[in-house]
Structures are given as structure tokens and as C-alpha cells.
1. Please find, among ALA286, ALA187, the residue that is modelled with pLDDT under 95 and closer than 30 Å to MET136 by Cα.
2. What tally of residues in the range 253-281 results from selecting those that are in contact with a strand residue (DSSP E or B) (Cβ under 8 Å, 6 or more places away or on another chain) and closer than 15 Å to LYS172 by Cβ?
3. Is it fair to say THR217 is closer than 19 Å to ILE261 by Cβ, crowded, with 21+ Cβ neighbours inside 10 Å, among the β-branched types (Val, Ile, Thr) and touching a helix residue (DSSP H, G or I) at 6+ places or on another chain (Cβ under 7 Å)?
4. Considering each residue of the range 255-270, count those that are part of a loop (DSSP other than H, G, I, E, B) and either in contact (Cβ under 8 Å) with a residue 60 or more places away in the chain or not assigned by TED's automatic domain parsing to the domain that holds LYS186 (or both), and give that number.
5. What is the residue count in the range 162-176 for residues that are assigned to a helix (DSSP H, G or I) and buried (at least 21 other Cβ atoms within 10 Å of the Cβ)?
6. Can you tell me which condition ALA273 does not meet? The list is (1) assigned to a helix (DSSP H, G or I); (2) small (Gly, Ala, Ser); (3) surrounded by 19 or more Cβ atoms within 10 Å (Cβ to Cβ), and all the others hold.
7. Can you tell me which residue among GLU83, GLU159, GLU61 is surrounded by fewer than 13 Cβ atoms within 10 Å (Cβ to Cβ), among the charged types (D, E, K, R), assigned by TED's automatic domain parsing to the domain that holds ASN27 and at pLDDT 85 or above?
Amino acid sequence: MITRTPFSNMKRKVFFLSDSTGMTAENLGKSLLAQFPQIQFESITRPFVDTLEKARKVAAEINQEAHTSDGRPIVVDTIINKEASQIIQQTDSFYIDVFSTFLSPLETELGVKSSLTVGHHYIFAEDSQSVDEAYMSRIEAVHFALANDDGMQLHRYHEADIILIGVSRTGKTPSSVYLGMQFGIKAANYPLIPDDLEIRKLPQALVDHQSKLFGLTIRPARLAEIRHERKPNSNYASLRNCVDEIKEAETLYRQYRIPYIDTTQLSIEEISARMLQRAGIERRVASL
């Protein structure tokens, strides 16, 4: 008999399984597990489990994990093949079949059977852009983010949907690229350097675009850790310097009524979603 560890100290292994890319299983599963912050989860994604042989191999891996861990593995399964899913379902795991859980009630409600198509994504009628147009919009937005990284090409700021500002290493670049890649949002970013902070005024390059500005901040201790990895034992990475820069940046945000968020404990997805909500920008390009 397996002795279970108290929940407060428990670590659980999670398998995301799919006969396609695994993105649906990951996205849904992680959203569910995020509701249990007191438990540490270690995830393993196994995409393209599209044969019975692959299903048996993954099943063996799950059972091995069940025998060596305090808690049985959690399995989030979006495998369409019923025989393959049954193999996984027989493992010593807490099993969640996403499609059976959600599709069966939908079939009853809609009065039709689902297509059960691997990797199929629906293009909603209200989406005015074709898949090709949406793809090109994303590519264009990503190129814009890269071309306008760290204050480059200031003359193109009139094209931006949003301009991220903040001190060095607060997440401006990855957030800008993610906004373009995921939503087709043209995001530029501008670094607040010590000279900008000392004068306590909005940099001249940003004055005419104040309505597009969005600030990023972070806890000084975390910023010092990040900067230390880049330039160890430097004034740039010192806690005192980080405290001063963050204080001045946040003062600037409040002075000019620039919306801002603390990125310390947020994922890139959460940062982007909150920025769009606070800035009132619609997600023009749906996920493909």
C-alpha cells in the first residue's frame, strides 16, 4: 500500500497526452492545475500518441511513475482513438479524458455527433479574416516587435498598437513578441534608462504617444536576481540600484497616469492578457 504525502508537501507528476500537438491538453490541464498553488506539479507532454504501440509505451511510463511516486500521476488525455485512450485509462493514474468529458454533453445538446477529427480547429463565423490573413498578420506583428525592440525605429511608433516601457529586464521584449505572435498586436518597447529616470520626465520620444504607453515593473529583489545572471557583481545588478530604478519608474507611471503591472509572479501569457485588458485592446487574431 502506498503511503500518501500530506497535500501541503505533495509533488505530483502530470502527463499531457495527445495524438496531435498536445497544446489543447496542456492549455486546459495547466489552467485546471493552476487552481491548486499549494501543490507542485511537474509536467510531461507526450504528443502524437497516434498508435496503440505508442499508447502502451506511454502507459508503461505512467505506471512506472505511479510505483515510484507518493501520489499517482494525473493524466490529461485528448487522444481521439478510443482503443489508445482505453490503454491509458487502465493505468494507475487519475485520468481525465477531455473529449469524453466535454464532447458527450455537447453532442446531446446539439443533437449531432462530433467529428472526432485529430488536430481539428474550428474557424468561427464571426472571424472576418481567413487563416492565411491571420497568419500573415501575426508574422507582420512579430517583425514589427523585433524591429522596434529597445527603442529602435522611434519614427514607427505611430504604427504601434501599444508601447511597453520599463527599466531593463522587466520583460518588455518577450511580452512584445508574444503579443505579436499570439494576437497580431503591433507592440514596440522602450527602455527607461537611468538618464530618463533622473530627470523624472517622460522621454521626448514617448510624449506624442502617451495614450499607447503601458508600464512594466517587477519586485527589486527578483530584478536583481535576473540582472545578476547577466552582469554578476555589478552596480547594474545590485539590489540598491534595482530598488532605486523601480521606485523612479513607478513614480513616472503614476505621474503620467500610465497603466502598469507587476510581472514578478506572472507568466508571459498572464502579462499579455492583463495588458490587453487594461489597455482596452481587442485580441484581433484568434489562435489558429
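The values are calculated or read from the model by the stated rules, or taken from the named source; none is laboratory data. On a predicted model such as this, the values are computed, not experimentally measured, just so you know. When we count neighbours, we look across all protein chains shown, and the Cβ atoms used for this are built from the backbone with ideal geometry, even at glycine.
1. Working: ALA187 fails: modelled with pLDDT under 95.
Selected residue: ALA286, the only one of ALA286, ALA187 that is modelled with pLDDT under 95 and closer than 30 Å to MET136 by Cα.
2. Total satisfying the criteria: 11.
3. Details: closer than 19 Å to ILE261 by Cβ: yes; crowded, with 21+ Cβ neighbours inside 10 Å: yes; among the β-branched types (Val, Ile, Thr): yes; touching a helix residue (DSSP H, G or I) at 6+ places or on another chain (Cβ under 7 Å): yes.
Judged against the criteria, THR217 is a match.
4. So in the range 255-270, the residues part of a loop (DSSP other than H, G, I, E, B) come out as 256-259, 263-267.
From the residues that got through so far, the ones that are either in contact (Cβ under 8 Å) with a residue 60 or more places away in the chain or not assigned by TED's automatic domain parsing to the domain that holds LYS186 (or both) too are 258, 263.
Residues that pass the stated criteria total 2.
5. Step one: of the range 162-176, the residues assigned to a helix (DSSP H, G or I) are 172-176.
Going one step further and asking which of them are buried (at least 21 other Cβ atoms within 10 Å of the Cβ), we end up with 172, 175-176.
Total meeting the criteria: 3.
6. The number of the failed condition is (3).
7. Working: GLU159 fails: assigned by TED's automatic domain parsing to the domain that holds ASN27; GLU61 fails: surrounded by fewer than 13 Cβ atoms within 10 Å (Cβ to Cβ).
Just a single option satisfies the conditions, and that option is GLU83.
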